[in-house]
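Presented below is the structure to which this report refers.
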Amino acid sequence: MSMSIGLFYGSTTGNTQEVAEKIKVELGERVSHLADVNTADPSELEAYDVILFGVPTWNVGEMQEDWEVFIPRMKDLNLAGKKVAFFGVGDAEGYAENFLDAMGMLWDAVQPLGDPELVGLWPTDGYTFEESRGLYDENHFYGVGLDFENQSELTDDRIQAWVAQLIGELGLNA
């Protein structure tokens, strides 16, 4: 089964961009498009069967600035029938009260746009934090969480495992 995949991210320090590029390498030619939301048009999202969203939590539980501008411009999109997945970057020790909040905030903005199917939930095992709007349920984040500040040695393994999970969930093994 062939699916088009668009990968969209916002990045201030370059960490989320680095993750997006690593995910693109892992997915290979399956990724049709990689875009920084700072220069992308929201209508581009509608062109893909699967949309991967990359968002860092900035400051104290805030949305990254490029997404702050992009999200209001998404309001007229219809993502019905799409599959969406999230990857987030945060600091679980320095900001334990709002680790990966932006990932949950972005889902809250995307979900009403036609109720796309959420894929790529990621277990909270191995993370230490107090609170997060990035939680899907008690045991899962909306997507993979990456902590460059405190767990950078786990980043590549987490990306590889998450991408393998996505490939399975999306039926892209062939």
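The values are calculated or read from the model by the stated rules, or taken from the named source; none is laboratory data. Because the structure is a prediction, the values reported are computed rather than measured. Virtual Cβ from ideal backbone geometry, glycine too; neighbours counted across all protein chains shown. When the accessible area is computed, the model is the full protein with side chains, heavy atoms only, and any ligands, DNA or RNA have been set aside. Shrake-Rupley method; radii C 1.70, N 1.55, O 1.52, S 1.80 Å.
Summing -39500 (n - 2.57) over the DSSP H runs of n ≥ 4 in the chain and dividing by its residue number, what mean residue ellipticity at 222 nm do you reach, to the nearest 500 deg cm²/dmol?
Using -39500 (n - 2.57) per qualifying helix, the result is -8500 deg cm²/dmol.
Contact order normalised by length for the chain, with contacts defined as Cα pairs under 8 Å and 6 or more residues apart; what percent is it?
It comes to 22 percent, rounded to a whole number.
Can you give me the Cα centroid spacing of region 1-54 and region 127-149 in angstrom?
Region 1-54 and region 127-149 have Cα centres separated by 21 Å.
Can you figure out the FRET efficiency of SER43 with GLN111, using R₀ = 22 Å and their beta-carbon distance, to the nearest 0.05?
After rounding to 0.05, the efficiency reads 0.75.
What FRET efficiency comes out for the pair GLU29/ASN59, r = Cβ-Cβ distance, R0 = 41 Å, nearest 0.05?
0.65
Report, for the chain, the % of DSSP beta bridges that are antiparallel, rounded to 5.
If we restrict to bridges inside the chain, about 20 percent are antiparallel.
Share of the chain's accessible area from carbon and sulfur, percent, 1.4 Å?
Reported share for carbon and sulfur atoms: 43 percent.
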